[in-house]
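Have a look at the structure below, then the notes.
Derivation of every value follows stated rules applied to the coordinates shown; laboratory data play no part. Note that the coordinates shown come from a computational prediction; the quantities given were computed from them, not determined experimentally. When we count neighbours, we look across all protein chains shown, and the Cβ atoms used for this are built from the backbone with ideal geometry, even at glycine.
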Amino acid sequence: MRFTKMHGLGNDYLYVYGPVPENVEELCRKLSDRHFGAGSDGMIYISPSSKGDFQMRIFNADGSEAKMCGNGIRCVGKYVYDKGYTDRTQLRIDTLSGIKELQLHLMGGKVKSVAVEMGQAEAGEDLSLEVDGEQVCCTPVSVGNPHAVFFVERMEEAPLTTLGPKVERHPAFPDGVNVEFVQVLSPNELRMRVWERGSGVTMACGTGACASAAAAVHKGLCRSNVPILVHLDGGTLEIQIAPDGTVTMTGPAETVYEGETD
């Protein structure tokens, strides 16, 4: 099996063009291992689609399937264009959370960055959770997948690795949840770190950046209809939230290397 390792702001996956194999969970856990495998946050399979130009299916490092990955879908756009599967710069990608529209930005004949129409973000009212006998407050957001956004005063004090896994498996989220910790730097600038469902701490999460910006706009901490810069461990994404909640995400996509398994 041939694969391509790619990343969006350090959120790295192994990309394969072809059908999903029956042993995908076992294969994903094996290859995603950073000591005994290729090392990644998971695997993404790309194939033709009757609903869009291409379909993507996303599997986390633990083998579980995800509905959507913002960093991953940008890399899908780069993959199919750079490898010659399409010559179009506007694409429709079929995901488990619906059709997403991509605008590819080229440099030197290769895709350098991608703008993604992510659909509508739905931010709910703040939710109080009991964790280890204490109450913590988050803003629930759906961006085709679930998020719990915590606003913090100082990112250095965010309980990423302690509270993150406990909220991910909290009974309030029976299917699990992605957990974001966000510091508001200005009305159009955020700092975010993430504990991803099924993968743990990652360098970046595209849908998490969208959810964080949507939560900030919902709470009046950021403005709609203007670019919001979201700084993640792996770099910066530009997020814009329209008045109706529609989200546009723009960011880079990079190829790391090509690989082959026995």
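Would you please put 196-202, 123-129 in order of how densely packed they are, using the mean number of other Cβ atoms within 10 angstrom per residue and starting with the highest?
Listed from highest to lowest mean packing, they are 196-202, 123-129.
So for region 13-109, averaging the separation of alpha carbon pairs under 8 Å that are six or more residues apart and normalising by length, what relative contact order in percent results?
Reported as a whole number, the value is 23 percent.
Could you tell me the center-to-center distance, by alpha carbons, between region 213-235 and region 185-210 in angstrom?
Region 213-235 and region 185-210 have Cα centres separated by 11 Å.
What number, in percent, do you get for the relative contact order of region 122-250 if the mean sequence gap of Cα pairs under 8 Å and at least 6 apart is divided by its residue count?
So the answer I get is 19 percent.
Which listed residue (CYS210, GLY124, PRO159) has the Cα farthest towards the positive end of the charge dipole for region 122-250, taking +1 on Lys and Arg C-beta and -1 on Asp and Glu C-beta about the Cα centre?
Going by the charge dipole, the pick is CYS210.
Taking the Cα centre of the chain as the origin and placing charges on Cβ (Lys, Arg +1; Asp, Glu -1), which of MET6, GLY39, PRO187 is farthest toward the positive end of the dipole?
The residue sitting most towards the positive pole is MET6.
Return LYS78, LYS110 ranked ascending by Cβ neighbour count within 10 Å, so the fewest neighbours appear first.
If I rank by nearby Cβ atoms, fewest first, I get LYS110, LYS78.
Which longest uninterrupted range of the chain lacks any chymotrypsin sites (Phe, Trp or Tyr not before Pro) assigned by DSSP to a loop state (not H, G, I, E or B) and surrounded by at most 15 other Cβ atoms within 10 Å?
The reported range is 86-262.
Would you tally the net charge around MET249, using a Cβ to Cβ cut-off of less than 10 Å, leaving MET249 out, and scoring K and R as +1, D and E as -1?
Net local charge, MET249 excluded: 0.
With θ set to phi - 60°, apply the Karplus curve 6.51 cos²θ - 1.76 cosθ + 1.60 along region 205-222 and write out the HN-Hα couplings as whole Hz, x wherever there is a Gly or Pro.
8, x, 5, x, 5, 5, 5, 5, 5, 5, 5, 5, 5, 4, 8, x, 8, 9
With each pseudo-label sitting 7 Å past Cα toward Cβ, what's the ASP62-GLU22 distance in nm, one decimal?
2.6 nm
Which distance in nm do the two modelled labels at ASP126 and THR89 give, with both placed 7 Å along the Cα-to-Cβ direction?
With each label point 7 Å from Cα toward Cβ, the separation is 4.5 nm.
Treat every Asp and Glu Cβ in the chain as -1 and every Lys and Arg Cβ as +1, leave all other atoms uncharged, and give the resulting dipole magnitude about the Cα centre to the nearest 20 debye.
Here the size comes out at about 720 debye.
Could you tell me the center-to-center distance, by alpha carbons, between region 136-171 and region 68-124 in angstrom?
Cα centres, region 136-171 to region 68-124: 27 Å.
Okay, helix-only estimate at 222 nm for the chain: each DSSP H run of n ≥ 4 adds -39500 (n - 2.57), divide by all residues, round to 500 deg cm²/dmol; what do you get?
Calculated from helices alone, the mean residue ellipticity at 222 nm is -5000 deg cm²/dmol.
Compute the relative contact order of the chain as a whole-number percentage, counting only Cα pairs closer than 8 Å that sit 6 or more residues apart in sequence.
About 21 percent, as a whole number.
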